[in-house]
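Reviewing the structure listed below.
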Amino acid sequence: MATKAKTKASRTAARKSSRSPASNRQRETRAASMNAIDLLEQDHRQVEEWFDEYDELKKDDARKAELAEEICRALKVHARIEEQIFYPQAREATKDNDLIDEAVVEHATVKSLIGEIEAMEVGEELYDAKFRVLGEMVKQHIKEEEDELFPELQSTKLDLDALGKELAERKEELMSEMQA
């Protein structure tokens, strides 16, 4: 158990030190110039960091609620840009229907759990448990994408730069819609 906490703490520290402080606008501008894999990996690191922060909170229900809302919004936007833009192009480029189908099913499961969490209040019975399970599911999904799908895509002729720009534009639109 102590090893798990140390590992989590060192992962969090590594992520924080590897990220330069930047405003949201700077991050959006940088995201617009990233290739698709870099943009998606940036999203992955951010949500992992938020899940780790949530796990470290004990009694701060206000911060838990704030983080949960931010995580759920980010996951919904991320899932939509992958499902609408990334997965169709990845499917075409890789011809790997099984891998993409599995990712789509994982998204459906995550979205269902997000719906359950959003219908609850911090402090309700099973809230933290559902949130931990969501984190575990998302982290497993991230691992599979980064270990299997992304390397497979890098060996195709897919224009990852153009795809990254398209993903960044759609992400910005969706974030604006969800914050309005």
Among the numbered conditions (1) over 21 Å from ILE37 (Cβ atoms); (2) β-branched (Val, Ile, Thr); (3) within 19 Å of the chain's Cα centre (by Cα), tell me where VAL122 comes up short.
(3)
Matching residues in segment 48-82 (closer than 17 Å to GLU121 by Cβ, of a type outside the set (Lys, Arg) and assigned to a helix (DSSP H, G or I)) number 11
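None of the figures in this text is laboratory data; all of them are computed from the coordinates on show. The model shown is predicted, which means the values in this text are computed figures rather than measured ones. Using ideal geometry, Cβ is built from the backbone for each residue, glycine included, and neighbour counts are taken over all protein chains shown.
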